[in-house]
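So the structure is just underneath, and the comments pick up after that.
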Amino acid sequence: MRRKFKALLFMTAFLPLAGLSSLPVKAQELIKIGAAQLSAGGLPVVVAEQKGFFAAEGLKYERLDFKGGGPVAQALAAGSIDVCICAADHAIHLQDRGLGGKVLVALADQHSYALIGKADSPAKSIADLKGEKIGITTAGSLTDTTVRYATRKAGLDPDKDFVLLSVGRAGAQRAAIQAGAIAGGMFSTPDIQIVMAEKGTFKIIEDFRKLPYPAQDLVVTDTWLKAHPEQARKVARAVVKALRLIQEDKTVLYPAIKALFPEVKDDAMVAQLADDLAAGYLSKNGVMTPESFDLLMSMMMIAEPKLKPVPYDDIVALSYLPK
């Protein structure tokens, strides 16, 4: 009798737990975010994931890496990803194609690229590379637009005075420069710092990083935005929270840098990158500045004379950002 009582007591003690396990668990909503390439602009998204900001919004984040802005914009337009980490250029192109591109969250307030060549190159500016081959990531990417803008501003024709080659990301650019296949290639942070750390090997021919430019943003289409307004707000809240945290404590970038760029192993370089990025490159509040938008349109109109100008309010999805 006593043994039966103990068995009954043991079973009833676990009845509440059994009831809890049968309760429905709220599934996390999956957000597919495509990245044009591994770039510093994606770090706030990594911070948002590492700090649990996506999870707190009931979101599960999946990152898909692409070989440049052109391919990721195509994936966004096709609906195979929900959001892209890419330049605001692609929001303009989507608008121009009638697909309604929008910048949901501004990630960067400054341009992210520099044109790099061999250390012994006589070139001191992009104009000095007239007649040479220049490496871009892909056609239609920010690197493409930037090279076209810079060459036209120098009074040259990018299609007649240069050969623009779609080389890919930093590793391929570096190999192409060393092999003599291109005279210069486009690199972004932290690849600029990595290659320039090799003293006497490379040099910066043209540096675009101080230009106010929305080089990295979370871009969506109107179709996705209208179909998923609450998901858009959740993504915006999570990433803006990360941007604000970075301004309060730049050390939160350390684990994000190591996760996104495992090749950066030197702690001093990690700290330097965090200093540089928090000091002006990364957005403070997720809002694209009118100054950077004006340069964006100016650069794109020079690079693509047939492009129609787009108003600021048609590109920036301010109503989805947290107050």
**Q.** Links that overshoot a 29 Å alpha carbon limit, given the list LYS32/LYS241; LYS102/LYS265; LYS32/LYS306; LYS160/LYS284
**A.** LYS102/LYS265; LYS32/LYS306; LYS160/LYS284
Q) Which of the trypsin sites (Lys or Arg not before Pro) found in the stretch 165-219 are in a DSSP loop and have at most 15 neighbouring Cβ atoms, other than their own, within 10 Å? A) LYS199, LYS210
Q. Which sequence of ASP294, ASP275 reflects their accessible areas, 1.4 Å probe, from the largest down?
A. ASP294, ASP275
**Q.** Solvent-accessible area per residue, Å², over the stretch 149-257 with all protein chains present [probe radius 1.4 Å]
**A.** 42 Å²
Q: Taking the Cα atoms of the stretch 26-67, report the difference between the largest and smallest coordinate on each principal axis, in whole Å and largest first.
A: 35, 17, 9
Q) What number comes out for the charge environment of GLY180, summing +1 per Lys or Arg and -1 per Asp or Glu over other residues with Cβ under 13 Å away? A) +1
Q: Quick one: check the C-alpha center-to-center distance for the stretch 102-159 versus the stretch 237-278, whole angstrom.
A: 26 Å
Q: Would you kindly work out the equivalent ellipsoid of the stretch 185-228 from its C-alpha gyration tensor and give its semi-axes, the square roots of five times the eigenvalues, largest first in whole Å?
A: 35, 12, 7
Q. In degrees between 0 and 90, to the nearest 10, how far off the longest principal axis of the chain does helix 142-153 point, with axes built from Cα atoms?
A. 30 degrees
(Q) Given axes a ≥ b ≥ c from the Cα gyration tensor, I'd like to know whether the stretch 221-321 is rounded (a/c under 1.5), prolate (a/b larger than b/c) or oblate. (A) oblate
(Q) Under 8 Å for C-alpha pairs, at least 6 residues apart: give me the relative contact order for the chain, rounded to a whole percent. (A) 26 percent
Q) In the Gaussian network model of the chain, springs joining C-alpha atoms below 10 Å, which of SER39, SER166, SER125 carries the largest mean-square fluctuation? A) SER125
Q | Mean separation of Cα contacts under 8 Å (6+ apart) over length of the stretch 99-248, as relative contact order % | A | 44 percent
Q: In whole angstrom, note down how far apart the Cα centers of the stretch 47-66 and the stretch 186-217 are.
A: 27 Å
Q. At a 1.4 Å probe radius, carbon and sulfur cover how many percent of the accessible area of the chain?
A. 56 percent
Q) Where Lys and Arg each count +1 and Asp and Glu each count -1, what net charge lies around ILE134 among other residues with Cβ under 11 Å from its Cβ? A) -1
Q: List the trypsin sites (Lys or Arg not before Pro) within the stretch 216-302 that fall in a DSSP loop (any state other than H, G, I, E or B) and whose Cβ has at most 13 other Cβ atoms within 10 Å.
A: LYS265
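The values are calculated or read from the model by the stated rules, or taken from the named source; none is laboratory data. All figures in this text were calculated on a predicted structure; none of them were measured in a lab. Neighbour counts are summed over all protein chains in view; Cβ atoms, including those assigned to glycine, are modelled from backbone coordinates with ideal geometry. All accessible areas refer to the heavy atoms of the entire protein, side chains included, with ligands and DNA or RNA removed. Shrake-Rupley method; radii C 1.70, N 1.55, O 1.52, S 1.80 Å.
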